[in-house]
Amino acid sequence: MRIGELAERAGTSARTLRYYETQGLVRPRRSANGYRVYDEAELRVVHEIRSLLAIGFGLDDIRPFVACLRAGHDSGDVCPDSVAVLRRKLAEVDDYLDRLGAVRRRLHDQLARAIAHREETCLRTRRPAG
């Protein structure tokens, strides 16, 4: 298939596919007239790239998954290098969640103090003088 068909089937643009090619992630063959030609395996690679990008992986993180697919595996996440990336990414997400939890606790405490202060201020202003 040519680049336009691959782009349509993969839900992306020809420009994006050319970018993936410059990054060494997608490998077209060239026809006699110089057109890029892709086989079904490249469609699978593009789907893998897009799904990993969608959940926050960078292109460098994606390389082991693509290599795993190119090695003939049905899934890009079964090879040791891919598993290592998954472990690292999970650790990053866990750390981020821990930091978000700390931020949430601080915001909760600050809100509770603000509400208590507001109620205290309102009570003082409602008391009759004297």
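Quick notes on this one:
- Enumeration of residues in segment 30-53 that are basic (Lys, Arg) and touching a residue at least 12 places away in the same chain (Cβ under 8 Å): Arg36, Arg44, Arg50
- The C-beta contact set for segment 54-71 (first residue without any contact (Cβ under 8 Å) to a residue 12 or more places away in the chain and more than 13 Å from Tyr20 (Cβ to Cβ), second residue assigned to a loop (DSSP other than H, G, I, E, B) and of a type in the set (A, V, I, L, M, F, W, C), distance under 7 angstrom, 6+ apart or interchain) comprises Ala71/Cys79.
- Among the residues making up segment 54-69, those that are assigned to a helix (DSSP H, G or I) and loosely packed, with under 15 Cβ neighbours inside 10 Å are Ala54, Asp60.
- Residues of segment 8-53 satisfying the condition of being acidic (Asp, Glu) and part of a helix (DSSP H, G or I): Glu8, Glu21, Glu40, Glu42, Glu48
- Comparison of Ala112, Ala91, Ala116 shows that the only residue that is under 16 Å from the mean Cα position of the chain (by Cα), among the small types (Gly, Ala, Ser) and surrounded by 10 or more Cβ atoms within 10 Å (Cβ to Cβ) is Ala91.
- Unmet requirement for Arg124, which otherwise passes all of (1) surrounded by fewer than 10 Cβ atoms within 10 Å (Cβ to Cβ); (2) in a loop (DSSP other than H, G, I, E, B): (2)
Here, each number is a calculation from the coordinates, and none is a lab measurement. Note that the coordinates shown come from a computational prediction; the quantities given were computed from them, not determined experimentally. Every residue, glycine among them, receives a Cβ derived from its backbone with ideal geometry; neighbour counts consider all protein chains shown.
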